[in-house]
Structure formats: C-alpha cells, structure tokens
Amino acid sequence: MRIKKFRGETLPDAVTKMKAEFGDDAIILQTKIVKKGRFLGLFGKKQYEVLGAVDPNAQPGRKQVLTTSSHNQKPAAVQDQDLGVADSSSAIQLLYQLLSSQDLSHALAVRIVKTVLQQVPKQDWNETELLKKKLRTEISSLIQVDTPWEFTGVQKVVAFIGPTGVGKTTTIAKLAANYHLIARKKVGLITLDTYRIAAVEHLKKYADIMNVPLTAVYSSSGLASALNAYADMDLILIDTYGCSHHNRERMSELNMAFNDLSVEKYLVISATTKSNDLMAIIDAFKELEIDNLIITKLDETQSFGILVEAPDYARVPIAFITNGQSVPDDIEIAENDQLTSMVLGG
Ligand SMILES: Nc1nc2c(ncn2[C@@H]2O[C@H](COP(=O)(O)OP(=O)(O)OP(=O)(O)O)[C@@H](O)[C@H]2O)c(=O)[nH]1
Ligand SMILES: [Mg+2]
C-alpha cells in the first residue's frame, strides 16, 4: 500500500492531484483543511489536504470504493418501501449508503434520495454519475450557510450557547482574535459563565493576551448594563455556561438573561454529536430562538452528515465551523461548496 498526502486550493483539486499520481483506484483515507503560518484564521488562505492510498498490486480495472471514512465499510441497505420504489438499483443503494456512511439519519437520507429520484427519469435510475450529480445539488441546497459578518456601523452582539464542552469559549477566543487583531474591529467580551471561577479565568487569559475588555456578569439583570458599557464596540461576544439539554431550569435561566435584549444567539454544536442527540439538543435550545449554528470539532470526526442535518433540522444557517484547538487559526467562515465537498468526500 502506498500512502501520500496531496494538497490543493479546493478539495476537488487535491483529489485530482491524488488521482493523477495514484490513478482512479486510489482511495481517500482522510481529508482535512490546513493552513500555514500564524494568525491566518478566518482571513488567511486555506488549503485542502487529502491522505490518499493505493495498492500497487491491485488488479487494473477493479475499482475500489472512494471513501472518506471507515464508516463506509458498513453495509447499509435501504428498503424499497422506504423509498417508495418497486425495485431500487444498485446506484440508488449507493446514494443511500453514501449518506448513511456520513451518519445522516435514516429519515433525512431517505428524504434526500427520494428528492433526487424525483428529478431523474426512471430509465436513468442506474446512472450512478447522474444520480451523484443531482445528489450534490440537493446536499448543497440543504446546507444553509450564513453570510460573512459585515460591520456597517451597526453594533453586532452575539451570544454563544450550547451543551457543555462543545467549544463555546475557544470559539469566542478564535473570533475575538480574528476580528480584533486581524480585522481591527473593536471587540468586547462578556461572560455569563460565572458559576466557575476557572471558567472566567480561562476567558480572561485570552482577553488579556488580545488586549480586549472582559466583563463578568453575575446576575440575570447584569447583562443589560454590561452591554450599555460597551456602546462603542463594533462586536460584542457573549460566553455562556454550558447547558445540558436535559436541564430545563438552566436553560430558562439563560433565556431570562437575554430577555428583551437585542442579542443574536449562535448555537454551538460538536460535529461528534450523534444524530438523535443533535435533534434533542436543537429542540431544547430552540426555546432561546437560535439565529445561527457553529459546528465545532470537525477534526475529530470522519462523518460530516451533521453539516446537512443540523441546518435542516434547526432551520437556521451555519455561520462558522471549527477544526482544531488552535486559537486563532482553527476556525472558518462556513462556505457552501466546502461543506458540500466534505459531506460527499470531494
Ligand atoms: N479537536 C477540537 N477541539 C476543540 C475545538 N474547539 C474546542 N476544542 C476543545 O474542546 C475543549 C472544550 O472547549 P471549551 O471552549 O472550553 O468548551 P465550552 O463549550 O466553552 O465548555 P463549557 O464552558 O465547559 O461548557 C477544549 O479542550 C478545547 O480546546 C475544535 O474545533 N476541535
Ligand atoms: Mg466555556
């Protein structure tokens, strides 16, 4: 087995390079986004890296399945009656398997395959490439992304809410660094996570390094005055305590803190979240009227179905994705093409 990394400006570029050297039989073991140097973060140039492998002794013409994930090994067949067809072709099964290998829920995978089939005449249902092309269009239309933040004289106030340990504080540090140190915006931080001294100190360390102010709010009514004190800031980022979606008391307490205040709420979710939990989390946080999603820890998984499932279920777009622990580099503005390629493996 020969294994090598290939890089390109886009994921398809990197895959083309891999195929040029390794041939069509090569398989993808891993894909990731890489960046060079420090302080590139949101505004830097990113590259895509593909870890490709080929068996030099493979019989020519015997195609291997292109895979981004070891999950693709698991056979996942869909019943004809679920799709409402009499006799599904292997091409149709392949579409379904592609989606279920990315950990999309059965219900959404079936819905997507059905939509694709509605757009293709029945006699072409065994045309794998045609079905895949339609699948790409469908996936792309389901991955809603937000427009990049703009500062046109109106102050932007964003609170980061979500389950415990998903990366809320780290994401705020990444955004503060990018928008303050690189985009030169006036950034103020507020934290409502004042139950734990360590949590305040954690954010304070970042605030000090970046030389941005941090206000810790200790009462539910304290947020309004903290916001007033930041009247001259372009961007205010509000950290919150992690809320288990089972803890309704904490959730309504958080909701009360935002009462009547003009604050956008970004729900932060880890890409490692299981499909069922994802829906329960979104259901619970919907009470707080979510404006956008941030999907974190994409570096910790090989299954990217959450990029389709989360915006589809929550009915709000993805604003940012994060792919590592490094502040400020490991964050990206969500781009439709990039996320579609991640889900479909190139
Ligand atoms: N691999 C990886 N780790 C991340 C990413 N974002 C954050 N982390 C790590 O996840 C852990 C938790 O991050 P925090 O930012 O403290 O998460 P939080 O949501 O603020 O946690 P609570 O305040 O306890 O609810 C830390 O070890 C981070 O370094 C990411 O994109 N990828
Ligand atoms: Mg935190």
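Bear in mind that the values in this text are calculations on the coordinates, not laboratory data. Computed from a prediction, not measured in an experiment: that's the story for all the values here. Don't worry about glycine lacking a Cβ; one is built from the backbone with ideal geometry, like all the others, and counts go over all protein chains shown.
Taking other C-beta atoms within 10 angstrom as a stand-in for reagent exposure, MET342, MET210, MET256 fall in the order MET256, MET210, MET342, fewest first. Label zone (LEU261, point 7 Å along Cα-to-C-beta; backbone nitrogen cut-off 14 Å) within the stretch 135-161: 156-161.
Summary of packing: across the peptides 265-274, 193-202, the per-residue average of other C-beta atoms within 10 Å ranks them, highest first, as 265-274, 193-202.
Quarter the surface of the alpha carbon convex hull of the stretch 81-120 and you get the mean projected area, 2.6 square nanometres. Here the relative contact order of the chain, from alpha carbon pairs under 8 Å that lie six or more residues apart, stands at 20 percent.
Among PHE43, PHE258, PHE151, which one shows the biggest mean-square fluctuation in a GNM of the chain, springs joining Cα atoms closer than 10 Å? For the chain, modelled as a Gaussian network with Cα springs under 10 Å, the answer is PHE151. GNM remark for the chain: springs join alpha carbons under 10 Å apart, and the peak mean-square fluctuation among GLY167, GLY188, GLY44 falls on GLY44. Calculation over all alpha carbon pairs of the chain in 10 angstrom steps from 0 returns a P(r) of 5, 23, 30, 22, 13, 6, 1, 0 percent. Normalised by the number of residues in the stretch 107-252, the average gap of Cα pairs under 8 Å and 6 or more apart makes the relative contact order 30 percent. With a 10 Å cut-off between alpha carbons and a GNM built on the chain, which of PRO121, PRO328, PRO311 moves the most? Looking only at PRO121, PRO328, PRO311, the largest GNM fluctuation is found for PRO121.
Taken along the Cα-to-beta-carbon direction at a fixed 7 Å, the label points for THR164 and ASP283 span 2.2 nm. Note on the stretch 208-301: Rg/Rh from Cα positions, Kirkwood definition for Rh, rounded to two decimals, is 0.99.
Rg over Rh for the stretch 74-142 works out to 0.91, both radii taken from alpha-carbon positions and Rh defined as the Kirkwood radius. Normalised by residue number, the volume inside the convex hull of the Cα atoms of the stretch 156-335 is 107 Å³ per residue.
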